[in-house]
1. Find all pairs meeting these conditions: Cβ atoms under 8 angstrom apart; at least six residues apart or on different chains; first residue within the range 263-280 and farther than 15 Å from Gly307 by Cα; second residue basic (Lys, Arg) and open to solvent by 10 Å² or more (accessible area, probe 1.4 Å).
2. Give the number of residues within the range 216-235 that are farther than 14 Å from Val288 by Cβ and either open to solvent by less than 10 Å² (accessible area, probe 1.4 Å) or touching a residue at least 60 places away in the same chain (Cβ under 8 Å) (or both).
3. If you check Leu206 against the conditions, is it open to solvent by 40 Å² or more (accessible area, probe 1.4 Å) and touching a helix residue (DSSP H, G or I) at 6+ places or on another chain (Cβ under 7 Å)?
4. From the list Asp171, Asp177, which residue is touching a residue at least 12 places away in the same chain (Cβ under 8 Å) and over 24 Å from His292 (Cα atoms)?
5. Mind checking whether some residue in the range 283-299 is within 16 Å of the ligand (Cβ to nearest atom), in contact with a Leu (Cβ under 8 Å, 6 or more places away or on another chain) and assigned to a helix (DSSP H, G or I)?
6. Can you find a residue in the range 148-171 that is surrounded by 20 or more Cβ atoms within 10 Å (Cβ to Cβ), of a type in the set (Phe, Trp, Tyr) and within 16 Å of the ligand (Cβ to nearest atom)?
7. For the range 81-100, which residues satisfy the criterion of being part of a strand (DSSP E or B) and surrounded by fewer than 22 Cβ atoms within 10 Å (Cβ to Cβ)?
8. Restricting to the range 255-276, and then to whatever is assigned to a helix (DSSP H, G or I) and buried (at least 24 other Cβ atoms within 10 Å of the Cβ), can you tell me which residue is farthest from the ligand (Cβ to nearest atom)?
Amino acid sequence: MSNADHARVPTIDRHDGPGASPAIVPATHRSAGGSTSARTFRQGEFDVTVFSDGHMIVPAAFIAQDAPADQREEVIERSGAPSPNVLPAANVPVLRRGTELILFDLGDGGRFQPTEGKLLGALRDERIDPREVTQVVLTHAHPDHLWGLRNVAGELNFPNADYVIGQTEWDFWTAPDVASRLPEAFRGVVPQTQSDLAAIAHRVRLLKDGDEVAAGISAVATPGHTPGHLSFAVAGGDGLFITADALTHELISVEHPAWQNGFDYQSDVAIATRQRLLDRLTHDRMAVLAFHFPFPGLGRIERAGSGYRYTAAR
Ligand SMILES: [Zn+2]
């Protein structure tokens, strides 16, 4: 089940620049994430640096499909975004431990939204050579997470890395008939996605719930956004939870987890996953690192009345 037909999909097809999609507007708003220079903190044995791939521009009506209009406007206003859009950030964490350099997702390589594709430049600014990356962890195969895999010549941007992704996610997107199982508006992503996945087929390791990416980093199945979506728990202190897109907006996903998100492939499953995750994160007092929350996407989920709220780390 998908709700993608309830509202127009923002920019799911490839485009070549500003104006190519009606959802693309000039960047006259304040950045959703404010400053986006790299941010570093310590987590267990890892030095974690969050890089920005840029940000997306998405109609709020698409990711809060069944929200009452006044409540939807209230969250747009509070997020500081220019109505009717929200501006999800694109935060890419890099974990370093000795010679291990582990990247979580790849950004969109400038192929999906013209306000993204900034990851390689951000790494360069911090003098990180893409050839040093030892492992790339793909939380799921959506364009804003996968399409930064290769350069325009078709070469891997991280040529020496091993790649990991969920087995279920791999099986879903590499199936010859995947397009027929997607809502029509999403079918345009299939050729690029399958081509990217084929480029790592010979070196990919497929994960199941609970598998370790490296010592201290384990996969947690958080399905619904995509069928094989994975989040990752990083050991140390109360723990750090790399949510990826199990939570996609700091207000909508946290304060209104039951609102339907047009990007969720299986809406009912995604909602149940969100509610279970919010409960776990507050119960376990884990820090969260969320791909689409305002840069750098690091903070905590707390109980607030009968629901939850997100507080960014300072
Ligand atoms: Zn995403």
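The values are calculated or read from the model by the stated rules, or taken from the named source; none is laboratory data. These figures come from a predicted structure and were not determined experimentally. Cβ: placed from backbone, ideal geometry, glycine included. Neighbour counts: every protein chain shown. These accessible areas exclude ligands, DNA and RNA; they are computed on the full protein's heavy atoms, side chains included. Shrake-Rupley method; radii C 1.70, N 1.55, O 1.52, S 1.80 Å.
1. Pairs found: none.
2. So the answer is 10.
3. yes
4. Testing whether each residue is touching a residue at least 12 places away in the same chain (Cβ under 8 Å) and over 24 Å from His292 (Cα atoms) leaves just Asp171.
5. Taking every residue of the range 283-299 in turn, none turns out to be within 16 Å of the ligand (Cβ to nearest atom), in contact with a Leu (Cβ under 8 Å, 6 or more places away or on another chain) and assigned to a helix (DSSP H, G or I).
6. no
7. Arg96, Arg97, Glu100
8. Residues of the range 255-276 that are assigned to a helix (DSSP H, G or I), as a first pass: 255, 267-276.
Now restrict to residues that are buried (at least 24 other Cβ atoms within 10 Å of the Cβ): 270, 274.
Numbers: Ala270: 12, Arg274: 14 Å.
Among them, the one singled out is Arg274.
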